[in-house]
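Read the figures in this text as sums done on the coordinates, not as results from a lab. Given the structure is predicted, the values throughout are model-derived calculations rather than measurements. Because the Cβ atoms are built from the backbone with ideal geometry, glycine has one as well, and the counts that use them run over all protein chains shown.
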Amino acid sequence: MIDEKYKYLQSLLICPNCSKSLVLDDERFICNQCQTIYPIKDDIPLLLTCEESWHKTTKEIKTFYEETPYPNYDNCDKKQTLINKSKKSFFTKKLDEEIDYNAKILDIGCGTGQLVNFLSIANRLVVGIDISFNSLKLAKNFAKKNHLYGSHFIQSNLFLPIFKEKSFDYVIANGVLHHTYNPYYAFQICSKKVKRGGFLIIGLYHKYGRVVHNLIKKFYSDDELKIRNYDKILSEKIQTFQRYDAWYKDQYKNPKESTHTIREIINWFTKNNFTFIRSLPSAALFDDFDESERLFERQYQVSKLEIFLNEILMLITNNYEGGFFIGIGQKN
Ligand SMILES: C[S@@+](CC[C@H](N)C(=O)[O-])C[C@H]1O[C@@H](n2cnc3c(N)ncnc32)[C@H](O)[C@@H]1O
Ligand SMILES: [Zn+2]
């Protein structure tokens, strides 16, 4: 059973310690070069190196998300509820509509695996990696209960890569890089896993879109009730304690977060041999992305001045859901 499931994945895996190939031996992975043994626990390969050598922020973040897996599930979540919830998000719905069924997808920092599980329903091969084992356990349990055989989960620290370069058609890192000690370095690592012609999708907090959120956080840091009044997700959208707690802690108690601009990530994409395709919200002024447009089709060229003005406007236009934005680039 394990052989079948990991056969294809195995051919893509490398040792996080020495970057040589890994082999599957008796339900564990072994590196023939440095002889490191990587166990598989609850069907999740643990491809981690010794924590001692990690950056202090990475250790802190791991502890944080082990205690509070994000975004967690509602007790009654089933395959159909996952589909319904995922399709309510314009972005997730578009991803599902536009990504080919044969595509190989890597979700870096997949958390509790909602996106991996959702995209795997259409028989795609989707791999989620995360540093938090407790998050992956929830992700894997959901996949098992709902017979989602296309989704795979591996514990890994993104700074110590476990996949060969150019292995995936789509690489996604949604809400992850801004919780690392060096978001641009993390971006570079993610970018290397994308095949030529493939896409890299990055979700980050926006420098101006996050201002209102950060003010609320600063003034009401210990007043959860006040925060609840301002935060629409807490007050309107979340019902169960696990998901409430996960959102509250992720947004207001996170040990590390940074903010970024569209101009900054266009630069990241360009420097790493990607063509910038678009951002959500759009980089252009007063240009709402609508149903008829395609996510992976290049948006018209937007001038630097227009992007700058639009970014300033995000102070008021992009503070819903914590001032988040997404950038998409295609590898040349
Ligand atoms: C805010 S959550 C986002 C989860 C998911 N991508 C989503 O959109 O719901 C950030 C995730 O990144 C993971 N993460 C942070 N640093 C990481 C690292 N160095 N390697 C792997 N995962 C990491 C955390 O464990 C956490 O699950
Ligand atoms: Zn090795």
_Of everything in the stretch 98-127, what is over 20 Å from K7 (Cβ atoms), in contact (Cβ under 8 Å) with a residue 40 or more places away in the chain and of a type outside the set (V, I, T)? Give them in sequence order._
E98, D100, D107, G109, C110, G111, G113, Q114, L115
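Before we move on, is L125 more than 26 Å from S292 (Cα to Cα) and either away from ligand 1 (no atom under 12 Å from the Cβ) or of a type in the set (V, I, T) (or both)? Even if it seems obvious, please write down each step before you answer.
Details: more than 26 Å from S292 (Cα to Cα): yes; either away from ligand 1 (no atom under 12 Å from the Cβ) or of a type in the set (V, I, T) (or both): yes.
Yes, satisfied.
Return yes when G329 is of a type outside the set (D, E, K, R), within 16 Å of ligand 1 (Cβ to nearest atom) and within 17 Å of the chain's Cα centre (by Cα) and no when it is not.
On the way: of a type outside the set (D, E, K, R): yes; within 16 Å of ligand 1 (Cβ to nearest atom): no; within 17 Å of the chain's Cα centre (by Cα): yes.
Spelling it out, it is not the case that G329 is of a type outside the set (D, E, K, R), within 16 Å of ligand 1 (Cβ to nearest atom) and within 17 Å of the chain's Cα centre (by Cα).
State yes or no: is T58 without any contact (Cβ under 8 Å) to a residue 40 or more places away in the chain and either surrounded by 12 or more Cβ atoms within 10 Å (Cβ to Cβ) or more than 16 Å from ligand 1 (Cβ to nearest atom) (or both)?
Working: without any contact (Cβ under 8 Å) to a residue 40 or more places away in the chain: no; either surrounded by 12 or more Cβ atoms within 10 Å (Cβ to Cβ) or more than 16 Å from ligand 1 (Cβ to nearest atom) (or both): yes.
For T58, the condition - without any contact (Cβ under 8 Å) to a residue 40 or more places away in the chain and either surrounded by 12 or more Cβ atoms within 10 Å (Cβ to Cβ) or more than 16 Å from ligand 1 (Cβ to nearest atom) (or both) - is not met.
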_Tell me yes or no: at least one residue of the stretch 266-286 is of a type outside the set (A, V, I, L, M), surrounded by fewer than 19 Cβ atoms within 10 Å (Cβ to Cβ) and more than 28 Å from A186 (Cα to Cα)._
yes
*List the number of the failed condition for K87; all other conditions in (1) in contact (Cβ under 8 Å) with a residue 40 or more places away in the chain; (2) not in a loop (DSSP other than H, G, I, E, B) hold.*
(1)
*Mind checking which residues of the stretch 127-171 are farther than 27 Å from Y185 by Cα and either among the acidic types (D, E) or assigned to a loop (DSSP other than H, G, I, E, B) (or both)?*
N146, H147, L148, Y149, G150
*Does any residue in the stretch 215-234 that is touching a residue at least 40 places away in the same chain (Cβ under 8 Å) come within less than 8 Å, Cβ to Cβ, of a residue that is among the polar types (S, T, N, Q) and loosely packed, with under 12 Cβ neighbours inside 10 Å six or more places away or on a different chain, and which pairs are these?*
none
